[in-house]
Structures are given as structure tokens and as C-alpha cells.
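S.K.: Can you read through this structure? Questions will come right after.
The values are calculated or read from the model by the stated rules, or taken from the named source; none is laboratory data. As the structure is a computational prediction, the values presented were derived from the model and not from experiment. Backbone-built Cβ (ideal geometry, glycine too); neighbour counts: all protein chains shown. Ligands, DNA and RNA are stripped out before the accessible areas are found, and what is left, the full protein with its side chains, is counted by its heavy atoms. Shrake-Rupley method; radii C 1.70, N 1.55, O 1.52, S 1.80 Å.
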Amino acid sequence: MSWETVIGLEVHVQLATKTKIFSGSSTRFGASPNTQACAIDLAMPGTLPVLNKQAVNYAIMFGLAIDAEIEQKSVFERKNYFYPDLPKGYQTTQLEKPIVGPGRVVIPLADGTTKAIRIHHAHLEEDAGKSIHDGDIPIGVSGVDLNRAGTPLIEIVSEPDMRSSDEAVAFAKKLHSIVTSIGICDGEMSQGSMRFDVNVSVRPSGSSALGIRTETKNLNSFKFMEEAIQLEVDRQIDLIEDGGKVTQETRLYNGDTKISKPMRSKEEANDYRYFPCPDLLPVIVSDQTLDELRSSLPELPDARKSRFTQQYLLSDYDAEILASDTSNAEFFESVAEKTKNPKLAANWVMGDLTARLNMENKNISNSPVSSSQLAGLILRISDNTISSKMAKQVFDAIWLGEGNADEIIEARGLKQLSDSGSLEKIVTEVIEANPAMVTDYVNSDESKRKKKMGGFMGQIMKASRGQANPQQVNQILLEKLNELI
Amino acid sequence: MHNFTLAELINGLRSNKFSSVELTQHFLNRIKELNGDYNAIITTTASQALESAISADQRLANGNAPEMCGIPILHKDIFCTNGVRTSCGSKMLDNFIPPYNATVVENFENDGAVMLGKTNMDEFAMGSSNETSFYGPVHNPWALDCVPGGSSGGSAAAISARLAPGATATDTGGSIRQPAALCGISGLKPTYGRVSRWGMIAFASSLDQAGPMARTAEDCAILLNAMASFDEKDSTSVNEPIPNYRSKLDNPINGLKIGIPREYFSEGLHSGTEQAVRNSLVELQNLGAKLIDIKLPSSHLSVPAYYVIAPAEASANLSRFDGVKYGYRCKEPKDLEDLYRRSRSEGFGEEVQRRIMIGTYCLSAGYYDAYYGKAQQVRKLIQQDFSDAFKSVDLIMGPTCPSPAFKFGAKGNDPVAMYLEDIYTIATNLAGLPGMSIPCGQVDGKPVGLQIIGNYFNEERILNVAHQFQQSTDWHNHMPSELA
């Protein structure tokens, strides 16, 4: 039997506000435990929350970016449960009236088409702290770090519209692209800035009823998410095909061991007793606020992509990749504008530059090669000063801080030989020095002659110490050889 | 000195009849001597008080000091006081020393008022008799075998026994007005949002409101001037202009339209209490007021609605007391669940646990709509009742509570009888309206309170009418026979 996978995602996005959602504590990542937790974050008696307006604005911006309805009046509620890293004994979140209503996110599919994933809603809430069970604490004791407690989050809840782990990853990546492009999240997955809960079920192909789903919580990389979904799909299919039934449960996936297992049922069997938080007023969003935020919204990845295909004549594929990340896109545009050669700019940004950045664990915002430097290099390629092969050498030198392209070309004497008189001279010398190759060329079928030219090219490049302009040499060589036929 | 009203003490300080240090020492001596009889005060802050008094005297000497400068007061032990244990009447917080001041405390401190100490209260403000305090019951100065009312019983008894000229208190369902009535003093619960809740330990956040207690309406006005502020740290604080609450005290009240809700004079009301209240209404008529019969048809729903909403909010508000971060922690917990279970079972008293259970139940899946949802609808009906009534009257009056102070243990085994103590006060909390209780008579030598309810932010009018009543009567000057 063939099976269809059904996936829905809940995505927690930490908002890049300076301070917490209900207090003035800093949200900076990586501080020593409990140094960024004030009386409010510690839920000291008598303390009260005050809503961070920036967090609300960020949530609204997300809503606008996915074409969602923004609720004029949204309400914070208390979600009650006991846990040491939840200081108040309840999480302040939204349930009945979330700030962002239904919207949609368009994802690219492998076959080049696109698919719209529906967003059920997105709501504002506070993050919990962290429980610490190992490290710098005595054995048998657990610690609590409340630095993260109160960090603003939006939780984005999708409809079960994805049908494969590829689609789920594409959706997650698109969300990442949107929230970083509009600047509401730093997108640092390794620091927990985006975390995914995946709801997975399977059903016989063609069936319209949903199967029983499981939820795998707290995945913090695209890779782990893909692995966890694949593992869960296989597990569910095996289970059903062996005559079993899927249990609705919450699971945890360990990315190191590649094992997933259910959480203890005690940990999830909760009645959260939601009710409106009496310490906070409903959030009222005025038309004026909406208009202001709408006009302040930066260009979205999809709009940028279509602009790139029109303005720079990039392929859909190239445009998608370059437009999805704001820093990448800005870098590319800067190079393209300076060189007036978008095709070459795109190739270099997506090719050598990205490869090198990935290899050395850097990203575009701290790239050792600036956009001006890359543009300088591309200009010398475009005007035939250097060959593509030389360009790689020059690029490496720029990367290592030896200066900009012109300086390096000068210093290393890498200029391409384009003077036709000198080139003709070298070509003639090589032809005269290799009569056997000439004979071979002349006697070959026309179809094989092109290949035979390679031998001459090699010798010519060697004679010119690699500096001969290959296109020019090719043309001169062809003319001279053909004269001999 | 302790027989002077707060207003008189302000004048005395300015005319150098006595210094703040002398005044403070006098009240500290009185507390030392008499608090044992009443148990009205949990913590006395003598040395801190004298230090504040010294600075207050300097400030007074420099001139231009705020009215409250140098005046000794008490704070209910629900207000966080920087560096001073704040127990909320509970074993849970017996060891809790806040590193911050409540805004109310801060406001008084900024004005140079002198804190004498912290007053006893029902545990987490849950009670109407002050019998639920971890620190033992407060005795009513009018009859030591009777309760002072609650939850602000300590503040009320302390004023009544002249241990301080003024005190702060809080009112969630009547916790200022009912003990004020039972102890024969004046107490005002302002409009919800008038006084900041920052640093005031929450019982039921949508109902809690801090207010003043003193012997006279004028003194309450002085205290409210200092207490009231718009506070950005409290999102429910309302940014409404704050008048000088003393400025209109002397306005005549002729033409005043007083609504008399028939529902407040029905079954369950003690005949002596009713008589005293009706007499005082006649007095007001003599001052030129008109009495108008009104209906508050949803009144009978206020107690049931309150006992859903208040415990529901409390069940969440009190979740933070879990033995993890501060407050009571049980000895040698086996595991996390044991830590929670025993810290909370051992740290909270019976009434608090009862209300946590009620609140938790009301919010549970399957019960939410029937209880919490319904109670919120009732709350709207009650608000509507009042807003309809205030279309035709200026103020609403009736008894503060059904009967005078009762004996210890009289309602201890019957929570519902205890809850009915607040039958006339609860509706104003549900509506968020201001309400006041002033002494208006006596039954068997025990005081009776007249309740005055105003429209939103109409504290000025309430205080004006209360003051005019007190100008023509002397119930507020009566004092417990033991003290006379």
C-alpha cells in the first residue's frame, strides 16, 4: 500500500527585541545564568507585567508579511502548569484571540512549482527559562536559569498542508527567510531563535481522513527536523503495516543519537486551565499602527525574488537562493550594481563566495571579501584583464587580506595577455614547433579537430605562463590551423 | 497625641506642637504597650521609623514639605516593603524580604510619611474575620472576643485602637469596608485602577484595589492624595487626572440624589444595623439630600460570581509560591512533585487551599464555561445594574455588611456564612466602582458602617458627602470603651 504523509508545523520564533516581553531585562543570548532576570522575570510577589510594544509590532509585521488578518483586539491568557523554569506557574500566551489570524506562506517545490501553506494563526507569548541538570552544578541537584524566561516569542501554527519532509523543510526555510528579512528575528537556530514542533500523521494515498498524529517537539535545525519527520513517517507506516495503531503522543527526537521516543505521559497530560490574564489589558491595534507598520515593512523575499528575475534577468533558481536571505541579497545587489554584470555577480556570490564562507563557518555579514572587493574582481574578469582561472587565485588572495583585485593582479603580474600581435607570435611559434600535431590535426575528421586543438592550447598557455587570453588564443589558433588544411 | 486626627497632626507638626520624632515615638510606645491586646501589627519597624522621622523633621523645618511628611502610618502586610519582611499573613512568606517597595509604599515614602510597621491580615487577603492569618487573629478593640473583620483587620483595629492615625489596606471583595465598619473607622476602596497594584501581593488581580483607612473621611482624603498615582508599572492603572481629594470636602450636599437599593435591605440584614443605617440616611436627608429607591436586580448573583472569579484568579496568582524561588520550602523533598505538594500544603493555610481548589476547579476543562464564563457574564450584568442606577442618582448607599462584629469562631466552620459577610460590598469590586464605609451608629456597643458607593473616579463626591455627614454626626469620634 502506498502512504501519504501529512505534516503541520508549530514554529516558535524568538523576537529580536532588546528587552523581554513583560520586563525591562535584556534578551541577549549567552549571559551567565540568572544575570538577565529581574524581579518580574523571577515572579516575585507583587510584580506585574508591562507589555513590550516592540514585540507587538514585530508580531504584526509578521502577520502583514504573510498576508494575514491582524486582529484589532487580541487577548493574553494564562496557561497554567507547574515547572521550575516557569516562575509564575503559568505562561502568559494567547489562545482564543491571537494577534495574527489566518495567512499563507508560499514555498518553492523541487519541480520548480510553488505551493501555498496556510497559516492557522500566530500568537504572542513569553518563553520559559531553562532547567539545567548537568554542568557546573552539584550531582543530584537541578538548576534553573531564568535568563530566557520572558523572551518574546511568536508561535506560528500552520495548517496540516505539507506532504513531505522536503515541503516541511522548505516551509521552515521560507519562514526563516521571512522573519529575518523583516528583521523580527535574528534567525540564529543554534541559539534557539527558531524552534519547530512537527505534527506528523500518515494515511493511505487517496484517503481524505486524517490519520492519528504525533507531535515531535523542540527541533532546532532544518536537518534534525527533516530527520525526525522521516523517522516518524517510517515508524508510523511500519507500525500500521504490522497491524498496530499510532498513539497520539508527544515525542522527543535526539539529533545526536538519531532516536525519537515518547515523552512520559505525565509530562503531557495537562489541563492548562487557560483564562484571560487580568494583569494585562487587551492589545488594541489601531489602523494607524497598521498603516505605519505596513509602510515600514522591508521588501519581502518573494517580492525580491521576482524583482531579481526581472531586473537582473536571473533564473528562478538563482533568484530564489539570492533573495531568500536579506544579507545575501544586499551583497549580491551591491556587486551587481557596481559591475553591471548581474550574471557573473550571482555566480560568484552563490558559487565561490558561499562555498568559502560555508567552509570556514562564516556568513555573508562577516565575509572577509567585501562586496566592493568582489565587484573589483568581477570587473577585471569582464574586461578580460584576467581569466576565470586567474580570478580564483585573486579571490583567494583577497580572502587572505592581500588587498583588492587590482593590487593583487599588479603585484603578481597576473595580467592576461590580450595583445593580438604578441598572441599571434606565440601561436605561430607553437605551431611551428609541433609539426606532428599539425599533421594529426589536418588529417583528422572535422568533428575531432576541436578536441585536437586542446594540445595546442596547453602549449600556448604554458608558453605565455598562463596569461594568454584563452578566447583570443582560441580564435587565432583556429584561423591559423585552418589555413594549413 | 493619639486622639488627634491625621489632619490635626499635620497642623500640629507645622505649628511645632510636637516633632515627627515625638509623634513617632509616641505611637511606637503605644504599639509596644497595646498591640499584644489586639495583635493588629505583625512587624514593627521602630528604628527605621525613627530614622524616617528625623529626616521628616528636617524636611518640615525646611518648609514646603508634603502633607504626609512626618506622619506615622501602618502598611498592610500585603504591600512589599524594601528590606522589611512582607508576609501577606502567610507562613508561605514568613521569611520573605522584598528587595523593592510597592508603589503605594514608595508614594508615602517620597512624601516623607513614617512607616511604623506592617499590619496583620487574613492570609493572602482571603477572609472576612482576620482568623485565617498565620500570625493569629486580630482582636476587635470594641470587643476583644470579636473579630475585627477582614481581610484588612489589622489596619482597621490599629486605627480603631489609635495605634496609628492612618493605614493602608486593600479591598478585593470588601476587605477595606467591612473591617472599617466592624471597627468603627472610615475606609475607602477607590475605583479599580486609581491606586497602583505594583508591589501589592495579588489575590484576585481584576478585583484588588488599595485604599486608605483612618478615623475620618477627611483623613482618608489626605491618605488617598498620597496613595493615588498613575503607574506605568501597572498596566491596569488608569491615567485619569487626580484631583486634590480635600478640596471639595466642604461643598454642601443639598440636592444630592442618593439611591437606596432595595436589595441591600432584605433578608439577612441585622435589624439594629438596618436601623442605624436608616437613621443616618435621615440625617443626610436633613442635610438636603434626596433619597431615591433604586433596583440592583443582579445583586443576588454577586457573591456566587465573586466566589468563582476571585478564586480562579487566585489559583493562578498563587502558583508562583512553589518552594522553588523564595518563601516556604518543605524539608527534604523527595522529588519535584513532593517539593511542590508539601511546600504548598504546609505553607498555605486551609482557606487559601480551599480557594485554590475552587479556582482550579472552576477553570478546569469542561467546567470553564459553566463557572468562569458564566461568572464573567454576571459581572457584566452587575456593571450594567450600576450604570443604569447612576443615570438617576449621584451616590448609592446602604449597609456595609449585614451585622456588627461577631465572635471568634462564629462562622469559622461555615465558609458560606463567612462569604455572605461581603454580600453588600462585593458588587462594587465586580463593577470596579469606588466604595466607602463610615461609622454611622452602634448596635450593642459595636459599630455599624454606612456604605457609600460612587460612580467611576467619583471618590471626591463620596469623600465630600462622608465628610459632611461627619461634620453633623459624631459616630467617627466614638471610641472603644476600653480606650476611653
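S.K.: Kindly tabulate the residues in the stretch B:83-122 with an accessible-area decrease of at least 10 Å² between the chain alone and the assembly of all protein chains, using a probe of 1.4 Å.
M.R.: Residues losing area: B:PHE96, B:PRO99, B:TYR100.
S.K.: Would you work out which of B:GLY454, B:ALA410, B:CYS183 lies farthest towards the positive end of the dipole of chain B, given +1 charges on the beta-carbon of Lys and Arg and -1 on that of Asp and Glu, about the Cα centre?
M.R.: So the residue we want is B:GLY454.
S.K.: How big is the dipole moment of the stretch B:391-484 about its Cα centre under a simple scheme where the beta carbon of each Lys and Arg is +1, that of each Asp and Glu is -1, and everything else is neutral? Debye, nearest 20, please.
M.R.: 120 debye
S.K.: So how many Å³ per residue does the convex hull of the Cα atoms of the stretch A:299-412 work out to? Write out the running numbers ahead of the final one.
M.R.: Numbers: hull volume 10.5 nm³, N = 114.
About 92 Å³ per residue, rounded to a whole number.
S.K.: For the stretch B:387-484, report the convex hull volume of the alpha-carbon atoms normalised per residue, in Å³, without decimals.
M.R.: On the way: hull volume 11.5 nm³, N = 98.
Here the figure is 118 Å³ per residue.
S.K.: Take every Cα-Cα pair in the stretch A:57-122 and report what % of them are more than 14 Å apart. Walk me through the numbers on the way to the answer.
M.R.: Details: 1407 of 2145 pairs.
Tail of the P(r) past 14 Å holds 66 percent of the pairs.
S.K.: Can you give the charge dipole size of the stretch A:3-289 about its Cα centre, rounded to the nearest 20 debye, using +1 on the beta carbon of Lys and Arg and -1 on the beta carbon of Asp and Glu? Write out the running numbers ahead of the final one.
M.R.: On the way: 30 positive and 39 negative charges, 94 e Å.
For the stretch A:3-289, the charge dipole is close to 460 debye.
S.K.: Separate question: Report the Stokes-Einstein translational diffusion coefficient (µm² s⁻¹, integer) for chain B, Rh taken as the Kirkwood radius over Cα pairs, at 4 °C with viscosity 1.567 mPa s. Before the final figure, lay out each step's value.
M.R.: Numbers: Rh = 22.1 Å.
The estimated diffusion coefficient comes to 59 µm²/s.
S.K.: Let me ask something additional. Give me the Kirkwood hydrodynamic radius of the stretch A:1-158, using the inverse of the mean 1/r over all pairs of distinct Cα atoms, in Å to one decimal. Each step should come with its number before you reach the end.
M.R.: Values: mean 1/r = 0.0577 Å⁻¹.
The answer is 17.3 Å.
S.K.: Once each part is reduced to its C-alpha centroid, what is the distance from the stretch B:154-178 to the stretch A:430-485 in angstrom?
M.R.: If we compute the Cα centre of each part, the gap is 108 Å.
S.K.: Given a 1.4 Å probe and the protein chains all in place, what does the accessible area of A:TYR83 round to, in Å² to the nearest 10?
M.R.: 90 Å²
S.K.: Oh, and also: Using only DSSP helix segments of four residues or longer, with each worth -39500 (n - 2.57), what per-residue ellipticity at 222 nm results for the protein assembly as shown after dividing by its residue count and rounding to 500?
M.R.: Values: 32 runs with 377 residues, N = 969.
Result for the protein assembly as shown: -12000 deg cm²/dmol, rounded to the nearest 500.
S.K.: Take the Cα atoms of the stretch A:122-209, find their three principal axes, and give me the spread along each one in whole Å, biggest first.
M.R.: For the stretch A:122-209, the Cα extents along the three principal axes come out at 55, 35, 21 Å.
S.K.: State, in angstrom, two size descriptors of the stretch B:43-94 derived from its alpha carbons: Rg to one decimal place and Dmax to the nearest whole number.
M.R.: 13.8, 44
S.K.: Something else: Calculate the radius of gyration of the Cα atoms of the stretch A:3-289 to one decimal place, then report Dmax, the largest Cα-Cα distance, as a whole number, both in Å.
M.R.: 19.3, 59
S.K.: Any idea what the alpha-carbon Rg over 2.2 N^0.38 Å comes to for the stretch B:159-207?
M.R.: 1.21
S.K.: Considering only protein heavy atoms, what is the solvent-accessible area of B:HIS478 at a probe of 1.4 Å, reported in Å² to the nearest 10?
M.R.: Number for this one is 60 Å².
S.K.: Taking R0 as 56 Å, what's the FRET efficiency between A:ASP234 and B:ALA46 from their Cβ-Cβ distance, rounded to 0.05? List each step's numbers first, then the result.
M.R.: Values: r = 74 Å, r/R0 = 1.32.
After rounding to 0.05, the efficiency reads 0.15.
S.K.: Compare B:ASP77, A:ASP445, A:ASP271 by solvent-accessible area with a 1.4 Å probe and give them largest first, with all protein chains kept in place. The partial results should precede the final answer.
M.R.: Working: B:ASP77 0, A:ASP445 95, A:ASP271 60 Å².
So, going from the largest accessible area down, we get A:ASP445, A:ASP271, B:ASP77.
S.K.: Using the C-alpha gyration tensor of the stretch A:420-484, what are the square roots of 5 times its eigenvalues, in whole angstrom, with the largest one first? Don't jump to the answer; show the numbers that get you there.
M.R.: Details: eigenvalues 70, 26, 23 Å².
With the √(5λ) rule applied to the stretch A:420-484, the semi-axes are 19, 11, 11 Å.
S.K.: So what's the Cα pair-distance distribution over chain A, bin width 20 Å, in %?
M.R.: Values per bin, smallest distances first: 19, 41, 25, 13, 2.
S.K.: Ranked by accessible surface with a 1.4 Å probe, highest first, in what order do B:ILE42, A:ILE212, B:ILE31 come? Present the calculation step by step, with values, prior to reporting the outcome.
M.R.: Numbers: B:ILE42 35, A:ILE212 80, B:ILE31 5 Å².
Result, largest first: A:ILE212, B:ILE42, B:ILE31.
S.K.: Take every DSSP beta bridge with both residues inside chain B and express the antiparallel ones as a percent of the total, to the nearest 5. Could you put the intermediate results ahead of the total?
M.R.: Values: 31 of 44 bridges.
Taking every DSSP beta bridge with both residues in chain B, the antiparallel ones total about 70 percent.
S.K.: Here's something else I'd like to know. Compute the longest continuous run of chain B that contains no exposed GluC sites (Glu not before Pro); treat a site as exposed when its DSSP state is not H, G, I, E or B and it has at most 15 other Cβ atoms within 10 Å.
M.R.: Working: sites that count: B:GLU232, B:GLU267.
Between exposed loop sites, the widest span is B:1-231.
S.K.: How much length is gained if the chain between A:LEU400 and A:MET359 is pulled fully straight, taking 0.36 nm per residue apart and subtracting their Cα-Cα distance, in nm to one decimal? Walk me through the numbers before you get to the answer.
M.R.: Numbers: separation 41, 0.36 × 41 = 14.76 nm, distance 1.42 nm.
Full-extension gain reported as 13.3 nm.
S.K.: Can you find, among A:THR250, A:ASN474, A:GLY351, the residue sitting farthest towards the positive end of the charge dipole of chain A, where Lys and Arg contribute +1 and Asp and Glu -1 at Cβ?
M.R.: A:ASN474
S.K.: Follow-up question, since we're still on this one. Where in chain B is the longest stretch that carries no trypsin sites (Lys or Arg not before Pro) classed as loop by DSSP and with at most 10 other Cβ atoms within 10 Å?
M.R.: B:1-330
S.K.: Given a 1.4 Å probe and the protein chains all in place, what does the accessible area of A:SER208 round to, in Å² to the nearest 10?
M.R.: Its heavy atoms expose roughly 110 Å² to the probe.
S.K.: Hey, another quick one. Work out how far the C-alpha atoms of the protein assembly as shown reach from end to end along every principal axis, then list the three figures in whole Å, largest first.
M.R.: In descending order, the Cα extents are 137, 76, 60 Å.
S.K.: With only Lys, Arg, Asp and Glu charged, each at its Cβ (+1 for the first two, -1 for the last two), find how big the charge dipole of the stretch B:1-478 is about the Cα centre; round to the nearest 20 debye.
M.R.: Details: 41 positive and 50 negative charges, 36 e Å.
That gives the stretch B:1-478 a dipole magnitude of about 180 debye.
S.K.: Continuing with this model, one more query. What percentage of the solvent-accessible surface of the protein assembly as shown, computed with a 1.4 Å probe over protein heavy atoms, is contributed by carbon and sulfur atoms?
M.R.: Working: 19810 of 39770 Å².
Ligands and nucleic acids excluded, carbon and sulfur reach 50 percent.
S.K.: Would you mind estimating how fast the stretch B:357-442 diffuses translationally, via Stokes-Einstein at 25 °C and 0.890 mPa s with the Kirkwood radius over Cα pairs, in µm²/s?
M.R.: On the way: Rh = 15.6 Å.
D, rounded to a whole number, is 158 µm²/s.
S.K.: Follow-up. For chain A, with every protein chain kept in place, what is the accessible area per residue (1.4 Å probe, Å²)? Walk me through the numbers before you get to the answer.
M.R.: Numbers: 23320 Å² over 485 residues.
Accessible area per residue: 48 Å².
S.K.: Run the numbers on the stretch B:180-202: which residues show a drop of 30 Å² or more in accessible area, chain on its own versus all protein chains together, using a 1.4 Å probe over heavy atoms?
M.R.: B:ARG197, B:TRP198
S.K.: Between A:GLN475 and A:VAL141, what is the spin-label point distance in nm, taking each point 7 Å from the Cα along the Cα→C-beta axis?
M.R.: Those two pseudo-labels are separated by 8.0 nm.
S.K.: Along the charge dipole of chain B, which of B:GLY398, B:SER237, B:GLN471 sits closest to the positive end, that is, farthest toward it, with unit charges on the beta carbon of Lys, Arg, Asp and Glu (+1, +1, -1, -1)?
M.R.: B:SER237
S.K.: Using 7 Å Cα-to-Cβ label points, what is the A:ALA31/B:ASN3 separation (nm, one decimal)?
M.R.: It is 5.8 nm.
S.K.: While we're looking at this one, here's another question. Which parts of the stretch B:351-380, residue by residue, lose 10 Å² or more of accessible area when the rest of the protein chains are there, as against the chain isolated (1.4 Å probe)?
M.R.: B:THR360, B:LEU363, B:SER364, B:ALA365, B:TYR368, B:TYR372
S.K.: Going from most exposed to least, what order do A:TYR274, B:TYR264, A:TYR317 have by accessible area with a 1.4 Å probe?
M.R.: Output order, biggest surface exposure first: A:TYR317, A:TYR274, B:TYR264.
S.K.: Now, a different point. Using the structure shown, list the pairs from B:LYS290/B:LYS374; B:LYS118/B:LYS374; A:LYS130/A:LYS223; A:LYS18/A:LYS174 with a Cα-Cα distance above 26 Å, or answer none. Spell out each step's value before the answer.
M.R.: Details: B:LYS290/B:LYS374 36 Å; B:LYS118/B:LYS374 38 Å; A:LYS130/A:LYS223 23 Å; A:LYS18/A:LYS174 24 Å.
Long pairs (Cα-Cα over 26 Å): B:LYS290/B:LYS374; B:LYS118/B:LYS374.
S.K.: At a probe radius of 1.4 Å, figure out the B/A buried accessible area, summed over both chains, and give it in Å² to the nearest 100. Spell out each step's value before the answer.
M.R.: Working: alone 17770 and 24740 Å², together 39770 Å².
Answer for the B-A pair: about 2700 Å² buried.
S.K.: Using alpha carbon centroids, what distance separates the stretch B:270-334 and the stretch A:324-402, in Å?
M.R.: 72 Å
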